[in-house]
Amino acid sequence: MRSGAKVAIAGSVFVVVAGGVGYGGYNLWNGVMGGDASPDPRSASASSPRTGPVTGEEITTTARDFLAAWAAGESDKAAQLTNDPVTAGTAVLSYREGAKVAKAVITPGAAVGATVPFTVKATISYEGVTKDLSYASELTVVRGQTTGRPLVKWQPAVLHPKLTAGATLRTGPAKTATIKAVDHNGVELTAEKYPSLRPVLATLRERYGSKVGGSTGVETWIDSGSEAVPDTTLLVLSKGRPGTLKTTIDAGVQAAAEKAVKSYDRTSVTAIEPSTGAIRAVANNPVTEFNTALSGGQAPGSTMKIVTATMMMQHGLAKPDSRVECPPTVTWYGYLFQNLKKFKIDNGTLTDAFSQSCNTTFIKAIGPLDKKDLADTALGETARRSFGIGEEWNIGVPASNGSVPESTGTESAASYIGQGKITMSALNVASLSATAKNGRFLQPYLVAKELDDREFATAEPLSEEVASGLRTLMKAATTGNGTAAEAMAGVPSPKGAKTGSAEVGDQATSNSWFTGYSGDLAAAAIVEGGGHGGDAAGPVVARVLKAG
């Protein structure tokens, strides 16, 4: 303990006060050599470091000593009790000095295996303003590889659960002015009321805070260390004057989307206004810094048949009323593709095949031999030229452009039904429906391009025949024995939809996809591991469309 320190007991927590600055812990560190350095040769165990799993006593003692050293502001001592003392020492020192932590009281919980949970109450003090920052974290004790000593497994999240490699905790004047984000009708949007918008609002603040007026306040935040990842505000010590930023979000549709994604784990949904491209809702469950709804990159399954059907109509292969084959299976370059449960449609049309999502139709109608050049290149060209997929989308925050790369062999057949190398986000797939409904692609956007003179992606309008044909196909999917009929039953007309399921690696259950439109609102959702598109993702989309 440093000279002049005083110890007082606060419940089960020791509070160390040194030089007028306090740090809390529940025991004090006493001269233990840490890290993974070589043991003292005089030690009886020097020639045979201990092996095997860490014991309960080692877990308790190591966690106690580390937390006490950290709480006391002894960064070097805390670091030596970890398996990465160089990195840990810098991080613990930065925690105290960079975040302006005047006092930290750490309260441990009961160990669960080798993991010890704990809570932190950090008192932040900056230029006469003091506030508390409370949160929970955990640490894990492991055995040192060379010394055999029990050590804290170092990772930034030990200090704060939102800290990642390269990120640091900071307190001071905010880097950007605060914003008051509002929807297109002027309703305020907050992360508390609309949790899925938290990463969106953070990015909007960084990008546009200085463009909409307002002033900076004093905050404690996690500096991500990367321009691609927004910083995360943890505590506001003094507020700045916010500037108002108008977004395209619709508060009512956003609220419905927030509720809809809670029905399933690992779910994302996006809604777009077809006539303008305005994004009306973005929601994810769980909410993470990575916005899956906007930036995800997953195989879209049979929702891709919207693009494949467009390609077929544009190249004269079929029209909605054309007779097509839908056998149970089809072979492409020796590889067997099949329909769900090997169903077939006898003497059906392209509309029948689309509405019932017949895989073999969208492979057999193109064929790998007599139309090989078309099979290798046309789908990607159609996706880009007619739907803007693969062009650069500048929506106002990071977002995926979608990708339909050139394919060969069996990958070409797989691409027609949304598998292979194709990747899209819920935003991209929602835009497919929006384009079909509107008759032309309008790049989705979240804030007006005039704010920063962004260039919007463009595409060629669909011909009236193709646009009308797409709407016929998608309407059929919502009626009769169409795969989207049940999910879209209560959704107002005019409406259209397409279901999809996508197999992913060794995942036992396919991802559930669904996209559709109703009136002037289009949406798409993915439920990872949700199975058939109409079963899981369908109800999510339907709930959002009804809110529009």
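Identification of strands (runs of 3 or more DSSP E) wholly contained in region 105-161 with 1 or more residues that are closer than 19 Å to Gly52 by Cα and among the charged types (D, E, K, R) yields 129-143.
The conditions of being of a type in the set (Ser, Thr, Tyr), out of contact with any strand residue (DSSP E or B) (no Cβ under 6 Å at 6 or more places or on another chain) and modelled with pLDDT under 95 are not met by Ser94.
Here Val200, Val187, Val152 are screened, and the one residue that is closer than 26 Å to Glu450 by Cα and either acidic (Asp, Glu) or buried (at least 20 other Cβ atoms within 10 Å of the Cβ) (or both) is Val200.
Across region 170-190, the qualifying residues are those that are modelled with pLDDT under 95 and of a type in the set (A, V, I, L, M), and the one among them that is farthest from Glu227 (Cα to Cα) is Ile179.
Condition first: among the aromatic types (Phe, Trp, Tyr) and at pLDDT 90 or above. Now tell me which residues in region 326-342 satisfy that.
Phe337
Being closer than 25 Å to Glu465 by Cα, among the hydroxyl-bearing types (Ser, Thr, Tyr) and modelled with pLDDT of 90 or more is a property that holds for Thr303.
Mind listing whichever residues of region 62-92 are under 30 Å from the mean Cα position of the chain (by Cα) and among the hydroxyl-bearing types (Ser, Thr, Tyr)? Scanning region 62-92 gives Thr87, Thr90.
I'd like to know if region 249-260 contains one or more residues that are crowded, with 21+ Cβ neighbours inside 10 Å, within 16 Å of the chain's Cα centre (by Cα) and assigned by TED's automatic domain parsing to the domain that holds Ala399. Checked region 249-260: at least one residue is crowded, with 21+ Cβ neighbours inside 10 Å, within 16 Å of the chain's Cα centre (by Cα) and assigned by TED's automatic domain parsing to the domain that holds Ala399.
In summary, strands (runs of 3 or more DSSP E) completely within region 220-300 and bearing 2 or more residues that are farther than 30 Å from Ser94 by Cα occur at 243-246, 267-272, 279-285. For region 302-336, the candidate set comprises residues that are of a type in the set (Gly, Ala, Ser) and assigned to a loop (DSSP other than H, G, I, E, B); within that set, the residue that is farthest from Ala430 (Cα to Cα) is Gly334. Taken over region 495-548, the criterion of being polar (S, T, N, Q) and either assigned to a loop (DSSP other than H, G, I, E, B) or closer than 20 Å to Pro444 by Cβ (or both) is satisfied by Gln507, Thr509, Ser510, Thr515, Ser518. Of all residues in region 306-341, exactly one satisfies the criterion of being without any contact (Cβ under 8 Å) to a residue 12 or more places away in the chain and either outside the structural domain of Ala484 (by TED's automatic domain parsing) or closer than 23 Å to Thr515 by Cα (or both), namely Lys341. Put simply, of Thr168, Thr190 the only residue that is under 30 Å from Val269 (Cα atoms) and hydroxyl-bearing (Ser, Thr, Tyr) is Thr190. Restricted to region 452-500, and to residues that are among the aliphatic types (A, V, I, L, M) and within 29 Å of the chain's Cα centre (by Cα), which residue is nearest to Ala383 (Cα to Cα)? The qualifying residue nearest to Ala383 (Cα to Cα) is Ala459. Total residues in region 161-201 satisfying the condition of being of a type in the set (Gly, Ala, Ser), closer than 30 Å to Arg96 by Cβ and in contact with an Asp or Glu (Cβ under 7 Å, 6 or more places away or on another chain): the figure is 2. Among the residues of region 482-514, those that are among the charged types (D, E, K, R) and free of Cβ contacts under 8 Å to residues at least 60 places away in the same chain comprise Glu486, Lys495, Asp506. Only one of the listed residues (Ala536, Ala502, Ala523) is of a type in the set (A, V, I, L, M), buried (at least 24 other Cβ atoms within 10 Å of the Cβ), in contact with a helix residue (DSSP H, G or I) (Cβ under 6 Å, 6 or more places away or on another chain) and more than 18 Å from Cys358 (Cβ to Cβ). That residue is Ala523.
Of all residues in region 93-112, count the ones that are within 30 Å of the chain's Cα centre (by Cα) and within 23 Å of Gln145 (Cα to Cα). Residues meeting the conditions: 1. Exactly one residue among Ser407, Ser425, Ser433, Ser403 is closer than 18 Å to Thr270 by Cβ and either in contact with a Lys or Arg (Cβ under 6 Å, 6 or more places away or on another chain) or surrounded by fewer than 24 Cβ atoms within 10 Å (Cβ to Cβ) (or both), and that residue is Ser403. Taken as a whole, the condition of being among the charged types (D, E, K, R), modelled with pLDDT under 95 and within 30 Å of Ala536 (Cβ to Cβ) applies to Asp265. Residues of region 467-513 that are in contact with a Pro (Cβ under 8 Å, 6 or more places away or on another chain) and among the β-branched types (Val, Ile, Thr): Thr472 alone. Thr276 fulfils the conditions (1) crowded, with 18+ Cβ neighbours inside 10 Å; (2) under 16 Å from Ala523 (Cα atoms) except for a single criterion, (1). Anything in region 198-221 that is under 26 Å from the mean Cα position of the chain (by Cα) and not hydroxyl-bearing (Ser, Thr, Tyr)? List them, or say none. Arg198, Pro199, Val200, Leu201, Ala202, Leu204, Arg205, Glu206, Arg207, Gly209, Glu219, Trp221 - these are the residues of region 198-221 that are under 26 Å from the mean Cα position of the chain (by Cα) and not hydroxyl-bearing (Ser, Thr, Tyr).
Among the residues in region 301-319, are any within 30 Å of Leu201 (Cα to Cα), in contact with a Gly (Cβ under 6 Å, 6 or more places away or on another chain) and buried (at least 16 other Cβ atoms within 10 Å of the Cβ)? So far as region 301-319 goes, yes, one or more of its residues are within 30 Å of Leu201 (Cα to Cα), in contact with a Gly (Cβ under 6 Å, 6 or more places away or on another chain) and buried (at least 16 other Cβ atoms within 10 Å of the Cβ). When region 207-223 is filtered for residues that are more than 16 Å from Lys162 (Cβ to Cβ) and of a type outside the set (S, T, N, Q), the ones remaining, listed by number, are Arg207, Tyr208, Gly209, Lys211, Val212, Gly213, Gly214, Gly217, Val218. Scanning region 162-189 for residues that are assigned to a loop (DSSP other than H, G, I, E, B) and free of Cβ contacts under 8 Å to residues at least 40 places away in the same chain returns a single hit, Ala165.
The values are calculated or read from the model by the stated rules, or taken from the named source; none is laboratory data. Everything numeric here is computed off the predicted structure, so don't read it as measured data. Don't worry about glycine lacking a Cβ; one is built from the backbone with ideal geometry, like all the others, and counts go over all protein chains shown.
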